[in-house]
Every structure is written in C-alpha cells, then in structure tokens.
Amino acid sequence: MKKALIFPIIFLLFASCKNYDDFEFTGTVVDYEMCNGLSDLGYAINLESPDTIGGTYKTRDSVIYNNVIIVYGADRLLKSQSHISGRIYMDHNYSKTQCNYHYNDRDVPEAVFTKLEEL
C-alpha cells in the first residue's frame with residue numbers, strides 16, 4: 001500500500017515544478033492594473049532593456065508609451081515613475097488565468113517577476 005501511494009506523490013511534486021526561462025530587464029513603472037484587488041497589481045513597465053518585446057500602452061492620464069509590458073507578482077507596492085530592474089518570464093495568459101480583472105482593450109505582453117530591485 002505504501003509503495004502504491006509514494007509514486008503518485010512523487011509524480012505530483014515533479015509535475016508541480018514550474019519551468020520557465022526568465023531574463024533580465026530594466027524599466028520604469030508608468031501605470032498599474034488591478035488583478036485581484038489593490039494588493040495584487042500588474043505594473044505597466046516602459047522597458048529600457050530589452051527594447052523590442054513590449055507593445056504600445058495608453059495610461060490613465062492618456063500618455064502613450066511604446067515597449068511596455070504588464071508584469072505581475074511584485075513582492076512590494078511600486079510607485080509610478082519608479083525605476084526598476086530584475087528578472088521576469090513571459091506569461092501571455094497571466095491575467096486570464098490568475099486575475100479577477102482582465103483588460104481586453106490592450107495588446108501588451110504579460111510577464112511575472114522572479115526578481116525585483118528598485119534603482
């Protein structure tokens with residue numbers, strides 16, 4: 001009985017491991033979007049590096065930025081115009097699968113923080 005139970009548990013442990021390719025970024029927070037309330041936000045980041053993966057984004061103040069991505073999973077609240085860096089991985093369906101709020105009116109890639117530093 002014990003052997004029959006051990007295999008499924010070990011399988012579940014390995015199946016639950018997330019495997020992703022994260023990469024370094026640098027940018028400035030230009031806006032935020034709610035995910036599951038005020039304590040769970042996605043941040044619109046105008047990327048300096050890399051400079052080719054983002055989309056065009058219009059803020060609440062009607063300012064248009066290019067090369068913007070929305071990044072979720074920050075371990076702290078970030079202020080507008082905060083200069084940040086760290087590591088992220090792309091997850092184009094994050095808001096659809098993880099958030100109560102999903103914004104259909106934009107075409108901006110989504111990502112998740114794995115490391116975050118304020119500069």
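The values are calculated or read from the model by the stated rules, or taken from the named source; none is laboratory data. Keep in mind that what you see is a predicted model, and the values were worked out from it rather than measured. Don't worry about glycine lacking a Cβ; one is built from the backbone with ideal geometry, like all the others, and counts go over all protein chains shown. Each accessible area value is taken on the protein alone, full model and side chains, heavy atoms only, with ligands, DNA and RNA left out. Shrake-Rupley method; radii C 1.70, N 1.55, O 1.52, S 1.80 Å.
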Among the candidates S85, S80, which residue alone is part of a loop (DSSP other than H, G, I, E, B), small (G, A, S) and out of contact with any helix residue (DSSP H, G or I) (no Cβ under 7 Å at 6 or more places or on another chain)? S80
Report, by residue number, each residue of region 1-40 that is open to solvent by less than 60 Å² (accessible area, probe 1.4 Å), modelled with pLDDT under 95 and within 15 Å of the chain's Cα centre (by Cα). D22, E33, M34, C35, D40
List the pairs whose first member sits in region 72-95 and is on the phi > 0 side of the Ramachandran plot, whose second member is open to solvent by 20 Å² or more (accessible area, probe 1.4 Å) and among the β-branched types (V, I, T), and whose Cβ atoms are under 9 Å apart, counting only residues at least 6 apart or on separate chains? G73/T114; Q81/T28; G86/T26; G86/T114
Where residues in region 41-53 are in a loop (DSSP other than H, G, I, E, B) and within 17 Å of T114 (Cβ to Cβ), which of them is most open to solvent (accessible area, probe 1.4 Å)? I53
In region 59-74, residue nearest to the chain's Cα centre (by Cα) [restricted to those that are in a loop (DSSP other than H, G, I, E, B) and within 16 Å of E118 (Cβ to Cβ)]: G73
Can you name the number of the only condition in (1) in contact (Cβ under 8 Å) with a residue 40 or more places away in the chain; (2) touching an Asp or Glu at 6+ places or on another chain (Cβ under 9 Å); (3) open to solvent by less than 80 Å² (accessible area, probe 1.4 Å); (4) not in a loop (DSSP other than H, G, I, E, B) that T56 fails? (3)
Name the residues in region 94-119 that are part of a loop (DSSP other than H, G, I, E, B) and open to solvent by 80 Å² or more (accessible area, probe 1.4 Å), would you? N100, Y101, N104, D105, D107, L119
Residues satisfying the stated conditions in region 88-111, i.e. in contact with a helix residue (DSSP H, G or I) (Cβ under 6 Å, 6 or more places away or on another chain) and within 12 Å of V71 (Cβ to Cβ): E110
Against the conditions (1) at positive phi; (2) surrounded by 15 or more Cβ atoms within 10 Å (Cβ to Cβ); (3) hydroxyl-bearing (S, T, Y), where does S62 fall short? Just the number, please. (2)
